[in-house]
Amino acid sequence: MTLTYVYCLVRSAKAPLLRDVPGGMPGAGVVRALAAGGGLWAVVSSVPASEYDEAALARGLQDLDWVGRRGMAHESVVEHFLTARAVLPMQLFTLFTSDDRALEYVAGERRRIDRILSRLERQLEWGLRLSFDEQAARAAVEETHRSRRGRSRRTESGAAYLARKRDLFDVTRVQLTQAKTAADRLYRAMSRQATDSRRRAATEQATPGSRLLLDAAFLVPTGRAGAFRTALRQNASKLSGSGLVVSLTGPWPAYNFVDSAARRRPSRTRRATTSSRAGRSAR
């Protein structure tokens, strides 16, 4: 017995190209595209129920390596379709008892799905992080004071020693405060370059004393990707102080810009295959 695993929904006038598409979930059959009508396609594959039914998933979800391999497989299939007009990525472990059940769900949610796809059309997600490298900042202070001693050709005086200690203390007291202000400023500046933005404050605050100052996602039109990256370079060059590290990733499927209601638990089905924080129950 097999189940239908859904990776994403794709808006395309023609059937999505499946040449060179990644293999999909471990144990799955070939990746297929189901016509849902009106230029909408469900990208799916058949998976063995013995490996993906409720009991199997309950066991697998206890193993991070098991989940990680399937998460990477899911993501690789979704990313294959990023050049389509619009892609609605489904949550990990979105499963139905058959192709017909999957299409029935899409039909029942069609108005909401179309609304979201219209919002995501020709737009992709970019991730931006700004972190404070305290070690690099301290190294910069030490190098500055070594250079001063070299110019004066003297060993470190008592006053110079106290000045160096003060500057090292300022790395955590003053520079970190300035870095947080710079992170807020960078987020506002880049938000103006995007259609929408999300700041993941929970991630930034996950660890007390964390040096992750900004963790954000931006929804950017595909035609403005180059301008977005240029704007980031320009804004990053204005960041004051040492020890600030900017990291841009993407483009990605717009996971952070799909409202939770659009991917809620299907209600008109017969059999649940999973229910967990990692995935969504589908029947």
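Coordinate-derived values only; no laboratory data. Just so we're clear, the structure is a prediction, and the values are computed from it rather than from any experiment. Methodologically, a virtual Cβ is constructed for each residue, glycine included, from the backbone with ideal geometry; neighbour enumeration extends over all protein chains shown.
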Check your understanding: Looking only at the range 2-37, which residues have a backbone nitrogen under 16 Å from a spot 7 Å from the Cα of A107 in the C-beta direction?
Key -> 34-37
Practice item. Provide the gained length on full extension for the span Q91 to A35, in nm with one decimal, where the gain is 0.36 nm per separating residue minus the Cα-Cα distance. Key: 18.2 nm
Review point. Given charges of +1 on the Cβ of Lys and Arg and -1 on the Cβ of Asp and Glu, with all other atoms neutral, how large is the dipole of the range 32-139 about its Cα centre, in debye to the nearest 20?
Key: 460
**Study point:** Set of the range 71-103 residues, backbone N closer than 17 Å to the point 7 Å along the Cα-Cβ line of D20
**Key:** 76-84
**Study point:** Estimated FRET transfer efficiency when R0 is 35 angstrom, pair Y255-R233 (beta carbons, to 0.05)
**Key:** 0.90
